[in-house]
1. Could you identify the single residue in PRO391, PRO358 that is away from ligand 2 (no atom under 16 Å from the Cβ) and in contact with an Asp or Glu (Cβ under 6 Å, 6 or more places away or on another chain)?
2. Being open to solvent by less than 30 Å² (accessible area, probe 1.4 Å) and among the polar types (S, T, N, Q) is the filter here, so list the residues in the stretch 217-246 that pass it.
3. Could you give me the residue pairs with C-beta distances under 7 Å whose first residue belongs to the stretch 207-234 and is over 30 Å from ILE126 (Cα atoms), whose second residue is assigned to a helix (DSSP H, G or I) and away from ligand 3 (no atom under 14 Å from the Cβ) wherever it lies, and which are 6+ apart or on separate chains?
4. Would you check which residues across the stretch 279-308 are away from ligand 3 (no atom under 16 Å from the Cβ) and open to solvent by less than 10 Å² (accessible area, probe 1.4 Å) and list them?
5. Evaluate the stretch 190-198: report whether one residue or more is in the same structural domain as ARG32 (by TED's automatic domain parsing), among the hydroxyl-bearing types (Ser, Thr, Tyr) and open to solvent by less than 70 Å² (accessible area, probe 1.4 Å).
6. Considering every residue within the stretch 205-215, establish whether at least one is among the hydroxyl-bearing types (Ser, Thr, Tyr) and either within 16 Å of ligand 1 (Cβ to nearest atom) or not assigned by TED's automatic domain parsing to the domain that holds ASP28 (or both).
7. Given (1) under 27 Å from MET213 (Cα atoms); (2) within 14 Å of ligand 3 (Cβ to nearest atom); (3) surrounded by fewer than 24 Cβ atoms within 10 Å (Cβ to Cβ), where does ILE6 come up short, assuming only one miss?
8. Give all pairs with beta carbons closer than 9 Å in which a residue from the stretch 296-320 that is farther than 27 Å from GLU356 by Cα meets a residue that is within 16 Å of ligand 3 (Cβ to nearest atom) and of a type in the set (Phe, Trp, Tyr); count only pairs at least 6 apart in sequence or on separate chains.
Amino acid sequence: MANIVIVGTQWGDEGKGKIVDLLADVADVVVRFQGGNNAGHTMVVNGEQFISHLVPSGILQKKTCYIGNGVVVDPKVLIDEMEYLLCRGIDISPEKLKISALAHIIMPYHCQMDVARESLKGKNKIGTTGRGIGPCYEDKVSRQGIRLVELIDPELFRERLLAIIDEKNFYLQQYLSSSAVDFQAVLDVFSQYAERLKPHVANISVELHEAIMAGKQLLFEGAQGTHLDIDHGTYPFVTSSNTVAGNACCGSGVGPKHITGVMGIVKAYTTRVGQGPFPSELFDDIGNRIQQKGAEFGATTGRKRRCGWLDMVVLNNAVRLNGLTSLAITKLDVLGGLDTLSICTGYAYKDKILKEFPANLKMLSECRPIYETLPGWSEDISNIRCREELPKNTRNYLSRIEELTQTPIGIISVGPGRDETIVVRHPFSGA
Ligand code: GDP
Ligand code: IMO
Ligand code: MG
């Protein structure tokens with residue numbers, strides 16, 4: 001039996017949704033463990049596209065999906081997403097979708113604060129998704145948050161909201177020049193959300209434990225990417241949760257001994273949405289070409305993604321931080337048609353060559369990428385389903401990634417569709 005964690009290795013949008021959907025076929029249970037509706041995970045099945053923000057990407061494979069305690073839940077977004085899935089014929093009954101009673105709730109003041117703070121910061125903004133993620137995690141850590149377990153208890157919810165609303169409104173109005181939140185209006189509408197979500201509330205840790213004891217296979221779905229991690233990413237240009245694999249345990253209530261593998265999702269090049277350093281970013285025609293061919297627009301905010309070459313300093317940082325046991329290379333088809341491809345193998349900083357990601361952001365922004373160049377390929381690879389049948393230069397590119405990371409490639413994705421995939425070694429095969 002295998003229990004696998006899926007994480008993004010770069011700055012998000014690596015194609016986690018596609019790979020989770022694919023692997024959910026042999027998993028019994030899929031668990032989201034951090035982040036919120038800042039995530040946008042795309043699945044394409046039989047030509048139909050689905051984007052999920054909160055519901056785990058195993059839902060299309062009819063697996064039991066869990067939203068863990070580490071996730072921050074905007075109830076309206078979740079309910080809308082459930083309705084959207086229901087309309088498309090997907091079973092989202094309480095047996096299929098369960099939410100941890102311990103998950104924190106994103107409140108309207110969190111969203112307002114997120115947006116108002118960003119506009120106050122002006123050119124120094126982080127470029128958040130504006131979904132209230134940071135302020136919600138702040139309240140969780142400062143022990144002022146409201147969890148699902150409180151939301152579904154009318155008396156407790158009233159009490160918790162009353163205890164916090166004055167402070168929130170003072171800050172919103174006096175410091176952020178934003179509008180106040182109306183206590184009664186929030187109480188009324190959130191009480192309706194509570195009724196809708198109540199049947200889905202569960203003790204996730206207990207249920208996952210029972211699943212493990214029954215020999216079921218768990219698939220943990222990370223959101224964002226390693227370099228957006230609150231501790232290990234390009235702080236402060238990061239999200240507000242730990243995105244690394246270790247948090248799969250904290251964010252779901254499962255002990256580390258049950259995790260048997262960690263697959264890192266690697267886009268064949270690099271993208272980033274929002275502000276922050278990005279050493280291998282391209283500002284030329286090649287960058288534009290990749291952006292257009294890869295349709296690099298954010299699945300949540302629609303923002304254009306910044307594009308650049310694959311960066312081994314970034315990737316090796318992810319290999320170490322997550323303890324990756326295998327890689328899934330995605331969007332390889334997008335690189336077709338380029339004469340040469342570059343891989344960043346280190347950073348030049350003053351008279352030094354850095355192989356490790358520097359903690360000092362000023363230093364990182366002054367790093368210049370050192371490139372190794374490889375020949376490209378012109379063939380369309382989207383119909384290939386076997387690694388050996390890929391063009392020689394494509395195979396060389398993949399082998400070089402394996403060499404530089406000392407990590408085997410388990411999956412190669414050559415298109416957005418579920419079937420546009422080469423499975424080299426299935427992570428649930430136990431190897
Ligand atoms: P996630 O946040 O990591 O789940 O990734 P997103 O869904 O935000 O972004 C990945 C985008 O690339 C989506 O539009 C996917 O449909 C698409 N995609 C995933 N894998 C491939 C691939 O191998 N080739 C191409 N062309 N598109 C892909
Ligand atoms: P998925 O799961 C890419 C980025 C935002 C911003 C920073 C902080 O689809 O890969 P936040 O709203 O979290 O406070 O924003 O993090 N960001 C993402 N970038 N993919 C994501 O999720 C992201 N979630 C947050 O653009 O730079
Ligand atoms: Mg995304």
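The values are calculated or read from the model by the stated rules, or taken from the named source; none is laboratory data. Treat the numbers as computed from the prediction; the structure is a model and nothing was measured. Glycine also receives a Cβ, built like all others from the backbone with ideal geometry; neighbour counts cover every protein chain displayed. Just so you know, the surface numbers come from the protein's heavy atoms only, side chains and all, with ligands and any DNA or RNA stripped out. Shrake-Rupley method; radii C 1.70, N 1.55, O 1.52, S 1.80 Å.
1. From the options PRO391, PRO358, the qualifying one is PRO391.
2. Listed by number, the residues that qualify are GLN217, GLN224, THR226, THR234, THR239, SER241, THR243.
3. Listed pairs, sorted by first residue: ILE212/HIS258; GLN217/PHE428; LEU218/LEU208; LEU218/ALA211; LEU218/ILE212; LEU219/LEU23.
4. SER280, GLY287, ILE290, GLY308
5. No.
6. No: zero hits.
7. Condition (3) is where ILE6 drops out.
8. Final answer for the pair search is ARG303/PHE297; LYS304/PHE297.
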